[in-house]
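Contents: one structure, followed by commentary.
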Amino acid sequence: MTRAVRTPVATGVAATLLGAAAAVWCAVPVISKGWAGFALFVVIGCVIASAVRLAVAWIPLSDDTFLLPGPIRAWLTFLRVVRLPPWEEGAVIAALALEALHPARPWHTAVLGAVLTAYLLTVHLADSGAPASTLSPQVPVLAAGACLLALGAGAGMLPAIAPGPGSALLRVVAAIAVIVAAGLVLPHISTRRG
Amino acid sequence: MPGGNTDVAVRWRLSRHARRLLTLALAGIFIATVSRRPEFAGAAAPALLLLAAGRGSRPAEISVAARPSTRRAFEGETVTLTVAAAGAGAAAGVGAEYGVRWTLHPGRGVDPVGSPTADGAATTLAVTPERWGRRELGSLEVVLRDRWRLTEGHAWVNLPRLDCYPRPAQLDTEVVLTRLPNRLGEHAARTWGDGTEFSGVREYVPGDRQRSINWPASTRRGRLQVNMFAAERSQDVVLLADATSDVGEPGSSALDLALRGAAAAARVYLDKRDRVGVITYQWGGAGWLAPGLGKRQLYKIIDTMLASDAGWARGAAFRRLPRAALPPGALVIVFSPLLDQRFVEALRDMRERGFTIFVVDVLTVDPPARPRVVDRLARRVWRMEQQAIRFSLRELGIPLVHWDGVAPLDLPLAPYTRRPLVPAGHRR
């Protein structure tokens, strides 16, 4: 197997493993309240479908299938269907929803956020066939994101100033404000450096 | 697009990668707000920062050049398409700042050679036309991607048209008339002249050139003998392609064979410095090109065959064709499946007007065999009709050979290329 072939296969496997890790991480400890079971089912299904999509992404699709035999047409229809839905988005939403069904555990959620970000970046690498080194210009941004991730987890661990929903909401708004401010400032800094 | 640079508008949208990151960011912020847990906002932070930092200027327009290696190709010939994207101002970074991916969407009857996609600001793609005709090469999709692949710019470019010529059949020999017009050429005539082909010796008469004396013959006969040479003449050849019936598999149909055979004959006769013209006979009229000489005439002939449906000659018939289209004494080589009775009548008429006609039958298919008695009977009647048509032409003295399109055209023509063809109304 040449290196050119090995790289997308390796990133595809890595993406699947990260997706599986995210599913396991948000599922434990297993709970049965609300829609937890359904969310877990969606996470697992979307991660598996995403792995299948990455595995068959190299197969070309023919536009003209009218004269092809039935089994080949069915296979091409399957390929077309498996490529169409946004499996990764579904997995991300279901994983976050499943995590939200658990009792508050800020550091656990922060790790899940990091795993999901890594999952999406690896899926992107597997999709595009680009090597991991193409992410090196994004390392400062990802580092800033990790800092904000830790900040969000820390904000989640801070005790509320006063009892009641308003106080908790204030913490959330503060965290979002910090993230948005960073998002607005960062492009200007990176442009100046560039 | 005429093959030069074209400015095309670029439509930008989020890439699939960006949509995934956006989903993570929005879902994290939404859940954080609903559940009042700031750690979810933190989980959305990396994705949000990537989206924010990846913003950049995006050109609204780029300049694309797509040049095919040729505008004229034969069937099955590979045509290379050189494509390049460039820009000014915000688009100056095309290739460096933006990755470029080209996707070829070939037109009808055009196949891509190898992968239809290629990367790079300047690259090459290859296509091959399947069948003769005026073909649209298709369109080219240009996808620009920023360095973080968060946005994609899409642009479409229409490719120029390609004239695909029928692939000439294999033909190296030619049918030559016994009586040739008094015009310099490369065919050895039956009269004496200044050619290079030896035709005999005769007694020396004053005025003969000394260099033409045949000394061995003179020694044997005791008198001076001089060599005689055959005159070299050219002939007028008119190729008649019957486009009234196109039966058979696409790619090897009667019309395909007719055009390939006519193209091969045109090439061979023009190589021999004969004057070659063409008439295409079809429903409602005939298109024609007067006999001419030279390499360009070959392309003119094929162009006439491809564009036989256009021109002022629409509605014309053989009787109304100008004298230049059918010069007297011309050899008329017909490529036809002989399915149209009116065309057969036109051949009879031409024969009665004194033209020397040679027919190449290009019919290679029969009606489908069906088990019903009526169908079998109809098939038999059809075959008998076809035999009758061919018999009647032979009775008129028109040589008729069958060509299947697979074997070289030299094979069916062999009995007539070894000796000259006697013109109509003459006996040896």
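Calculate how steeply helix A:139-157 sits against the longest principal axis of the alpha-carbon atoms of chain A, using the helix alpha-carbon long axis, and give the answer as 0 to 90 degrees to the nearest 10.
So the helix axis and the longest Cα principal axis differ by about 50 degrees.
Given +1 on the Cβ of Lys and Arg, -1 on the Cβ of Asp and Glu, and no further charges, what dipole in debye does region A:3-132 carry about its Cα centre, rounded to the nearest 20? Working shown, then result.
Working: 8 positive and 6 negative charges, 45 e Å.
Once rounded to the nearest 20, the dipole reads 220 debye.
How large is the convex hull of the C-alpha atoms of the protein assembly as shown per residue, in Å³? Can you show the working numbers first?
On the way: hull volume 165.2 nm³, N = 622.
Normalising the Cα hull of the protein assembly as shown by residue number yields 266 Å³.
With unit charges on the beta carbon (Lys/Arg positive, Asp/Glu negative), name the residue among B:126, B:51, B:201 whose Cα is farthest towards the positive pole of the charge dipole of chain B.
So the residue furthest toward the plus end is B:201.
What do you get for chymotrypsin sites (Phe, Trp or Tyr not before Pro) in region A:1-78 restricted to DSSP loop and a cutoff of at most 11 other Cβ within 10 Å of the site's Cβ? The partial results should precede the final answer.
Details: sites: A:25, A:35, A:38, A:41, A:58, A:66, A:75, A:78; in loops: A:35, A:58, A:66.
The qualifying sites are A:58, A:66.
Explain nothing, just compute: Karplus ³J(HN,Hα) = 6.51 cos²θ - 1.76 cosθ + 1.60, θ = phi - 60°, for every residue of region B:325-335 in order, whole Hz, x for Gly and Pro.
Result, ordered by residue: 6, 10, x, x, x, 6, 8, 9, 9, 9, 10 Hz.
Computed from the mean reciprocal separation of all distinct C-alpha pairs, what Kirkwood hydrodynamic radius does region B:168-301 have, in Å?
Computed over region B:168-301, the radius equals 17.6 Å.
Given N residues in region A:3-132, what is its alpha carbon radius of gyration divided by 2.2 N^0.38 Å? Intermediate values should be presented prior to the final figure.
Working: Rg = 16.9 Å, N = 130, 2.2 N^0.38 = 14.0 Å.
It is 1.21.
Using only Cα atoms, find the angle between the long axis of helix B:295-306 and the longest principal axis of chain B, and express it within 0 to 90 degrees, rounded to the nearest 10.
Tilt of helix B:295-306: around 70 degrees.
In chain A, with Lys and Arg counted as +1 and Asp and Glu as -1 at Cβ, which of these residues, A:10, A:75, A:61, has the Cα nearest the positive end of the dipole, that is, farthest along it?
Ranked along the dipole, the leading option is A:10.
Please give the direction-averaged projected area of the C-alpha convex hull for region B:188-233, in square nanometres with one decimal. Before the final figure, lay out each step's value.
Numbers: hull surface 12.6 nm².
With every direction weighted equally, the projected area is 3.2 nm².
Pairing the Cα long axis of helix A:106-128 with the longest principal axis of chain A, what angle in degrees results, from 0 to 90 and rounded to the nearest 10?
Taking Cα atoms only, the helix is inclined about 30 degrees.
Quick one: plug the Kirkwood hydrodynamic radius of region B:236-417 (C-alpha pairs) into Stokes-Einstein at 25 °C, 0.890 mPa s, and report D in µm²/s. Before the final figure, lay out each step's value.
Working: Rh = 16.8 Å.
After rounding, the answer is 146 µm²/s.
Which net charge results when you count Lys and Arg as +1 and Asp and Glu as -1 among the other residues whose beta-carbon is under 13 Å from that of residue A:81? Write out the running numbers ahead of the final one.
Values: positive: A:53, A:73, A:80, A:83; negative: none.
Result for the local shell: +4.
In debye, nearest 20, what is the charge dipole magnitude of region B:188-233 about its Cα centre with +1 on Lys and Arg Cβ and -1 on Asp and Glu Cβ, if you could check? Each step should come with its number before you reach the end.
Numbers: 8 positive and 5 negative charges, 37 e Å.
Charge dipole of region B:188-233: 180 debye, to the nearest 20.
Please list the radius of gyration and Dmax for region B:117-199, considering alpha-carbon atoms only, with Å as the unit.
27.3, 83
Out of B:142, B:304, B:35, whose Cα points farthest toward the positive end of the dipole of chain B (charges: +1 Lys, Arg; -1 Asp, Glu; placed on Cβ)?
B:304
If you place +1 on the Cβ of every Lys and Arg, -1 on the Cβ of every Asp and Glu, and leave all else neutral, what size is the dipole of chain B about its Cα centre, to the nearest 20 Debye? Let's see the in-between values first.
Numbers: 60 positive and 42 negative charges, 73 e Å.
Roughly 340 debye for chain B.
From largest to smallest, what semi-axes in whole angstrom does chain B give when each is the square root of 5 times an eigenvalue of its alpha carbon gyration tensor?
Details: eigenvalues 876, 174, 59 Å².
Its equivalent ellipsoid spans semi-axes of 66, 30, 17 Å.
Tell me, what ³J(HN,Hα) does each residue in region B:368-376 have, in order and in whole Hz, if you take phi through Karplus 6.51 cos²θ - 1.76 cosθ + 1.60 with θ = phi - 60° and put x for Gly and Pro?
x, 7, 10, x, 5, 4, 5, 5, 5
Roughly what % antiparallel, to the nearest 5, for the DSSP beta bridges in the protein assembly as shown?
Details: 64 of 90 bridges.
If we restrict to bridges inside the protein assembly as shown, about 70 percent are antiparallel.
Just so you know, all these numbers are worked out from the coordinates, no wet-lab data involved. This structure is a prediction, so every number in the text was calculated from the model and none was measured. Every residue, glycine as well, gets a Cβ built from its backbone with ideal geometry; the counts of neighbours run over all protein chains shown.
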